[in-house]
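The values are calculated or read from the model by the stated rules, or taken from the named source; none is laboratory data. What you see is a predicted model, and the numbers here were worked out from it, not measured in a lab. With ideal geometry, Cβ positions are generated from the backbone for all residues, glycine too; neighbour counts draw on all protein chains shown.
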Amino acid sequence: MLIKKPFDTLVVFTLIVGVWFVVAGIVRFVVGLASPEGRGGNVVTAILDLIAGIVILSWPDLGLSTLAVIIGIVLILRGLFFIFAGWQLQKLTDDLPGSPPADALL
């Protein structure tokens with residue numbers, strides 16, 4: 001099927017990726033609401049995944065380059081969010097009494 005109808009295969013792949021983003025977003029949203037730790041981060045990531053999944057599912061015949069751009073934007077935004085979360089965690093460890101300075105850990 002991949003060789004005979006590559007466009008149909010791309011549509012199926014796009015639908016699989018879209019469903020994956022929607023399901024991952026729903027699961028992360030439920031986890032974010034259930035656990036008090038990291039609730040805001042989980043909810044923001046869930047909303048980002050849901051938006052990406054809805055965009056992909058609402059436009060299933062998009063090209064491979066457009067799909068790559070959408071996934072790339074989502075992954076870059078998630079990466080920036082996780083970098084920000086890491087900085088926040090670093091500030092928390094610096095505020096703990098008796099903790100070594102961050103430079104000593106390197």
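Quick notes on this structure:
- The single condition from (1) over 19 Å from PHE81 (Cα atoms); (2) within 12 Å of the chain's Cα centre (by Cα); (3) modelled with pLDDT under 90 that MET1 fails is (2).
- Matching entry among GLY86, GLY40, GLY63 (being more than 18 Å from the chain's Cα centre (by Cα) and at pLDDT below 90): GLY63
- Contacts under 7 angstrom Cβ, first residue in the stretch 9-29 being farther than 14 Å from ILE71 by Cβ, partner of a type in the set (S, T, N, Q), 6 or more apart: ARG28/ASN42; ARG28/THR45
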